[in-house]
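Report on the structure given below.
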Amino acid sequence: MISSKPFTFDRVVRLLIGLTVITLVFLLLKRLSNVLLPFLIAWLIAYLLHPAVNFFQYRLKFKSRILSVVTTLILVTAIFTGFIFLLTPLVANEFSKLSDIIGAYSQNLSVDKFLPVA
């Protein structure tokens with residue numbers, strides 16, 4: 001949307017300063033992305049687990065917040081470990097079926113089907 005305000009020197013300088021600040025922030029974030037990514041992931045995990053911590057602290061009346069956090073982390077780790085133990089045999093079974101299918105397919109494979117006679 002084009003503004004009806006005239007472009008004064010003050011307005012142009014403010015636009016240039018704003019664009020420079022935005023560019024510098026973008027370049028700084030791009031440069032520090034390898035360092036900031038673990039902090040972003042940690043913040044996301046803390047944000048997702050906050051309701052569970054509050055549940056342990058206020059509904060179940062745990063005395064300290066540290067106990068609530070440790071209980072939540074142990075519970076989440078146990079759930080993920082259980083999923084891994086449940087899914088590992090299923091995935092291994094599917095991989096063995098896949099290797100059998102690939103073996104059966106490779107036995108019927110002939111070079112004559114792919115290469116011309118000449």
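Just so you know, all these numbers are worked out from the coordinates, no wet-lab data involved. Keep in mind that what you see is a predicted model, and the values were worked out from it rather than measured. So basically every Cβ, Gly included, is an ideal-geometry build from the backbone, and we count neighbours across all protein chains shown.
Taken over region 32-45, residues that are polar (S, T, N, Q) and surrounded by fewer than 10 Cβ atoms within 10 Å (Cβ to Cβ) amount to 1.
Matching residues to (1) free of Cβ contacts under 8 Å to residues at least 40 places away in the same chain; (2) loosely packed, with under 10 Cβ neighbours inside 10 Å; (3) under 18 Å from the mean Cα position of the chain (by Cα):
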position	(1), (2), (3)
V13	yes, no, no
I22	yes, no, no
K30	yes, yes, yes
L48	yes, no, yes
Q57	yes, no, no
S64	yes, yes, no
L73	yes, no, no
P89	yes, yes, no
